[in-house]
1. How much length is gained on full extension from E43 to I168, taking 0.36 nm per residue of separation minus their Cα-Cα distance?
2. With Kirkwood's inverse mean 1/r over C-alpha pairs for Rh, give me the Rg to Rh ratio of the chain, two decimals please.
3. Suppose R0 equals 35 Å; then what is the FRET efficiency for K67 and D151 from their Cβ-Cβ distance, rounded to the nearest 0.05?
4. Please name which of I150, I103, N174 has its Cα lying farthest along the dipole of the chain towards the positive end, using unit charges on Cβ (Lys, Arg +1; Asp, Glu -1) and the Cα centre as origin.
5. Once the piece of chain linking N79 and V106 is laid out straight, how much longer is it, given 0.36 nm per residue of separation minus the C-alpha distance between them?
6. Whose amide H sits under 5 Å from the amide H of L124, counting only residues 5 or more places off or on another chain, with H placed in the peptide plane?
7. Dipole magnitude of the chain about its Cα centre, charges +1 at Lys/Arg Cβ and -1 at Asp/Glu Cβ only, in debye to the nearest 20?
8. With springs connecting C-alpha atoms under 10 Å apart, model the chain as a Gaussian network and identify which of A129, A153, A11 has the largest mean-square fluctuation.
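Values in this text are rule-based calculations from the coordinates and carry no lab data. What you see is a predicted model; the values in this text were computed from it and never measured. Note: ideal-geometry Cβ built from the backbone for every residue, glycine included; neighbour counts use all protein chains shown.
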Amino acid sequence: MKKRGKIIIFAGPSGVGKETVKKLFINDPRFKLKYSISATSREKRIGEKNGDNYHFLTRSKFENWIKKDRFLEWVTFANNYYGTPYKFLENHLRKGQNVLLEIDLVGVKKVIKKYPDAVTIFLLPPTIADLEKRLLARKTENITEIKKRIDIARAEIKEKDLFKYQVINKTPENSAQKIIEILKKELL
Ligand code: 5GP
C-alpha cells in the first residue's frame, strides 16, 4: 500500500503575503505538494481565476455544498464563506501526495482535530503596522473591510503558539527559504 501523504497547513493573517511566499516553494518537486483550492462566496479580485485561486461560488451554491457534506471544514470569515473541499484532499493524500491548505485559524483548529499529524506553519508580519500598510497598498478591500481584517489578524496572532512553526515574513525569499527547510525536515 502507498504511504499516505501529509497535510501542510500554511496560515497567516490576511495580507501577510502568503500568496507570494507560496509561489516560491509550492512547485519544488521534492515535496510533491498539491494546493487545495478552497471554495468561497467572496467576490473575485482582479487577476483571480475561478478554479485557480478559489472555486468562486454564490452563497446559495456554497450552502448547497455544505448540505451535501462536501467540506472537510468551512467557516465564515469577514462575512463570507470559505471551505476546504474534502474529496480533493483525501484523493491526493491516498495517492501519497502532500496537500497544502491555506486556511484561517478557525479552520486550522478543525483540521488539526481530524488530522493531528498535519504540519502547521504560521506566517507572521514583522509588525501590525506593516500588515496595515500592505492591506492598504493592495487596494483589494475597502477601509471597513481592512479594519475587519486587522482585527481578525490581531486575534489570530495571539494564537500563534498553536503552530509548530512560525515564520516572520521579512522578505518573501527569506520566508520561502525557511519554509523549504521545514518541509525538508518534515517530508523528506
Ligand atoms: P482572502 O479573502 O484574503 O483570500 O482569505 C481570507 C482568509 O480566509 C485567509 O486567512 C485565508 O487563508 C482564509 N481561507 C481561505 N480559504 C479557506 C478555507 O477553505 N477554509 C478556511 N477556514 N479559511 C480559508
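1. 42.1 nm
2. Value, to two decimals: 0.94.
3. With R0 = 35 Å, the Cβ-Cβ based efficiency is 0.70.
4. I103
5. My answer for the length gained is 8.3 nm.
6. When sequence neighbours closer than 5 places are left aside, the close amide H contacts are V167, I168, N169.
7. For this selection, approximately 580 debye.
8. Maximum fluctuation in the GNM of the chain, among the listed residues, is at A129.
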